[in-house]
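Right, one structure below, let's go through it.
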Amino acid sequence: MADSDVPTLDPIASPIGVDEIYIVDDVAGSPLDKSITLETLGLATLHVRQEEATTVAAGGSSSTTWNPLDINTVVTNQLTGASLASSRVTLGTGVYWVRAYSFGHQSDKHRLRLFDISNTAVVLHGACGGHANDGDTSSGGNRMEGRLVVTGATIFELQLYTQVGKSGDGLGTPTGDGFTEYYNEMIVRRCL
């Protein structure tokens with residue numbers, strides 16, 4: 001078969017803010033019979049985080065406990081059934097890949113986890129972390145990543161364990177560079 005006999009598939013770019021793409025089967029741009037959603041392709045994303053005004057800290061932490069983390073902003077939500085309310089994320093039935101980040105300031109040992117509020121269970125743990133609690137600049141990042149299976153609408157909360165508590169900025173110190181401060185962050189993608 002000659003190269004000219006092989007049909008080409010040319011994608012049409014999805015306009016920003018549109019969660020659907022079309023695939024065409026000829027150079028004239030005739031669309032196929034159906035559209036494909038970003039969720040169908042495993043490209044749909046929920047991106048939430050804590051945003052504060054410049055010079056505003058993330059909040060205080062308590063010693064030897066799991067501190068609920070503030071999540072107050074939806075950056076992107078392309079997932080059907082997903083939402084953010086009172087720092088908690090609701091996800092509908094599906095299989096997801098979750099990636100999350102947080103910070104501990106002067107907290108010694110710390111660890112991030114995703115807690116299933118609906119079923120009172122820990123569903124993901126991040127790596128163990130720690131840093132010397134030896135001055136005002138001692139901060140450490142936390143990362144968590146993993147596959148999550150949700151069998152019905154479920155409410156989740158990001159939590160950070162801190163060995164040492166610190167009022168005001170134990171969950172993150174501001175940069176104070178004149179821009180919005182970003183602290184806790186979670187990105188969720190639906191898997192195929």
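The values are calculated or read from the model by the stated rules, or taken from the named source; none is laboratory data. Bear in mind that the values here come from a model prediction, so they are computed numbers and not experimental data. Glycine also receives a Cβ, built like all others from the backbone with ideal geometry; neighbour counts cover every protein chain displayed.
Tabulated data
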quantity: Within the stretch 82-111, tally of residues that are in a loop (DSSP other than H, G, I, E, B) and either without any contact (Cβ under 8 Å) to a residue 40 or more places away in the chain or crowded, with 21+ Cβ neighbours inside 10 Å (or both); calculated: 4
quantity: Hits in the stretch 174-192 - residues which are among the β-branched types (Val, Ile, Thr) and either crowded, with 20+ Cβ neighbours inside 10 Å or closer than 25 Å to LEU124 by Cα (or both); calculated: ILE187, VAL188
quantity: Checking LEU124 against (1) at pLDDT below 95; (2) surrounded by 14 or more Cβ atoms within 10 Å (Cβ to Cβ), the condition it does not meet; calculated: (1)
quantity: Test: residue in the stretch 160-169 that is under 22 Å from VAL56 (Cα atoms), in contact (Cβ under 8 Å) with a residue 40 or more places away in the chain, in a strand (DSSP E or B) and touching a Phe, Trp or Tyr at 6+ places or on another chain (Cβ under 8 Å); calculated: yes
